[in-house]
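Notes to accompany the following structure.
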Amino acid sequence: MAHSQPTAFRALRIAVLTVSDTRDLSNDSSGQFLVDALTQAGHQLADRAIVRDDIWQIRGRVCPWIAATDVDVVLITGGTGFAQRDVTPQAISPLIERSVDGFGELFRHISYGEIGLSTIQSRALAGISNGTLICGLPGSTNACKTAWEGILLSQLDNRTRPCNFVPHLGPPQQPAAPYCDTRG
């Protein structure tokens, strides 16, 4: 069965959350990179926030975005390392209904070429909950650039073949569209 190819780009509504005890909007270069990159790609910024490295503050900001019908993707930067205060994976993992295991693996694979074995200390992760893609990225601007250019730019574009995340996003009651034609 042939799958129709979408011809028009579908702009997604993307929220950006920075997790940091020290950053604010004036010095949040990682969050600003993500905002600039997503808008340059044609997507819409749904919301932006900064919270402290605290499980409950992270969940308190992410949960309303997951529940909202006007947020397709949540990009979180910060809190994915091994420091005692790095709690982003612990905060968002219980919220994820379907894990995108390959996201963290692919991020570390790409990152290995840039920072070598230090990539092993990244706990980057992604998953889908209530039709919202949630991605936890490291806090460095270079790591956000690696994730955006190496994974997210193409996977958040409905024209990417054979597969992309877009058909999996939106209210769960919508019938899933064909998303992956691996026949060439």
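Derivation of every value follows stated rules applied to the coordinates shown; laboratory data play no part. Not measured: the values here are computed from a predicted model. With ideal geometry, Cβ positions are generated from the backbone for all residues, glycine too; neighbour counts draw on all protein chains shown.
For the chain, modelled as a GNM whose springs connect Cα atoms under 10 angstrom apart, the maximal fluctuation among Gln40, Gln32, Gln90 occurs at Gln40. The percentage of C-alpha pairs in the chain whose separation is greater than 26 Å is 26%.
With both partners inside the stretch 13-167, how many of the DSSP beta bridges are antiparallel, as a percent to the nearest 5?
Values: 7 of 24 bridges.
Taking every DSSP beta bridge within the stretch 13-167, about 30 percent pair in antiparallel fashion.
Over the chain, dividing the summed -39,500 (n - 2.57) contributions of all DSSP H runs of at least 4 residues by the number of residues returns a 222 nm mean residue ellipticity of -8500 deg cm²/dmol.
With +1 on each Lys and Arg Cβ and -1 on each Asp and Glu Cβ, and nothing else charged, work out how big the dipole of the chain is about its Cα centre, in Debye to the nearest 20.
Values: 15 positive and 17 negative charges, 51 e Å.
Computed charge dipole of the chain: roughly 240 debye.
State the extension gain, in nm to one decimal, for the chain segment bounded by Ala68 and Asn142, taking 0.36 nm per residue of separation less the distance between their alpha-carbons. All intermediate terms of the calculation are to be shown ahead of the outcome.
On the way: separation 74, 0.36 × 74 = 26.64 nm, distance 2.96 nm.
Going from the current span to full extension adds 23.7 nm.
Working from label points 7 Å from Cα in the Cα-to-Cβ sense, the Gln40 to Arg85 distance is 2.9 nm. In this simple spin-label model, placing a label point 7 Å from the Cα along the Cα-to-Cβ direction at both Ile110 and Asp24 gives a separation of 3.2 nm.
Only Cα pairs under 8 Å and at least 6 apart count here; give the relative contact order of the stretch 13-167 as a rounded whole percent.
Numbers: 285 pairs, mean separation 38.7, N = 155.
It comes to 25 percent, rounded to a whole number.
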